[in-house]
Structure formats: structure tokens, C-alpha cells
Amino acid sequence: MESTIQNKQPEEPKQQKKQLTRQDYLKRYVKPHRKKCHTVKEEHLPRLIKEAHIMYNLCFTQRGKYPSAFAIAHPQITKKKPLRFFVTAKQEIIINPIIKQHTGSICDCQSAINCTHSKHFSYENEGCMTFPDRLLITVPRWIKCEVEFNTLKKDGSLSERMTKNLSGKEARIFQHEIDHLNFIYIYDIEKGGETK
């Protein structure tokens, strides 16, 4: 009895996506910069979705003194046309956020750091993943604020504008990240000017 051996080429192993390491994620952080953040439009969504995944993972990656982050803003990982959005550790993608109103709202300031009008501040210690080896400092934030933003719909498109009233820790996180989008850093208040 004869056996027939088929001349079959061995299959090449399928290329698997490289599993990113902690170091791969940490390389995404960039030095502080003052590049203008661009308003997110529909054509930016493929880039936003791709980079939001990286930012979400950075929320759980230790950097310097900080074991994790509550949120990461897009300008923290790129200087090349940064977009106006941030990602939270709760898997929220906050797009084109603005502070509409804050406690004691008698001005149109977008940051409590530079505001001298409001007496409704909370003073708490904050750190920043952009400066992993700097000490925590006391930062003024409005106790309550009303924010307006977009997010992603289930189909991956941009949602309508929505409004949310925030207080406590969530208000503080939103204000910190919106400061990043307006190229304001918490250490600016130490120097009374720009962070170097």
C-alpha cells in the first residue's frame, strides 16, 4: 500500500498584536507644552478612539510617585495637534468640555487657578502625572461647577452636547483636566506664571 504525502507548505504563524508593556505606555507621556488643543470633530474620532485606549491604560500605570490617575488629558500624551478631550479611570471619554458655571459664578474664568473672583473654593492637595516626581501642592478648585461636553455614542459617533452638575472630587477632576486642555498646570500657581 502506498501512502500519498501532500506537499504542503507549513503555515506561517499568525502575527499577534504586540501586548504593550508598562514602559510602552509610559513612553507616551510628553513634556509640558502650551500647544493649542483642537476642538474634536467627527473626522478626529478614529484618532480619538485609538488614543483614548492608551490614555485609559495610563490611568492604571504607575508613574513616579503616583500609582494611578483619575484621568488623563490628550495633551499629556501628544504635542502634535492635541485634541480637546480627556479619559477617566471610569472609562468616560469627555470631549470638548467647558465649564459653563461655577459656585459664586460672577466671572467667565475657565480655571479656578487663575480666578480671583470666587470665594467658593475648596483647597486640597493635588499631583499631576505630567510631573511624576513633584510633590503634591494645595490647589484651589470651585466646590461645584456645571460642565458641558460631548461623549461618544454607541455607534462611535459624536454625541449631542450634554450638561452635568458636578461637586466634590468629580468637580475637582474635571477642573484639573480642563486646565490641561487650556494649557494650565497646577504648578503654575507656585511660580505665579508658567511651569518650566
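Each value in this text was obtained by applying a stated rule to the coordinates, not by laboratory testing. As the structure is a prediction and not an experimental result, all values here were calculated from the model. Please note: Cβ atoms are built from the backbone with ideal geometry, for glycine as well, and neighbour counts cover all protein chains shown.
Side notes on the structure shown:
- Burial order of peptide ranges 127-134, 174-181 (average beta-carbon count within 10 Å, highest first): 174-181, 127-134
- Per residue, the convex hull volume that the Cα atoms of region 22-191 enclose (Å³): 111
- Stretch gain in nm, segment Phe60-Lys31, where the contour uses 0.36 nm per residue and the Cα spacing is subtracted: 8.5 nm
- Built amide H within the under 5 Å cut-off of Tyr185, gap 5+: Thr195
- When each of Lys79/Lys154; Lys50/Lys100; Lys41/Lys80; Lys100/Lys164; Lys36/Lys169; Lys144/Lys164 is checked by Cα-Cα distance, pairs over 19 Å: Lys79/Lys154; Lys50/Lys100; Lys36/Lys169
- Each peptide in 37-46, 89-98, 154-163 receives the mean, over its residues, of other Cβ atoms within 10 Å, and ordering these scores from highest gives 89-98, 37-46, 154-163.
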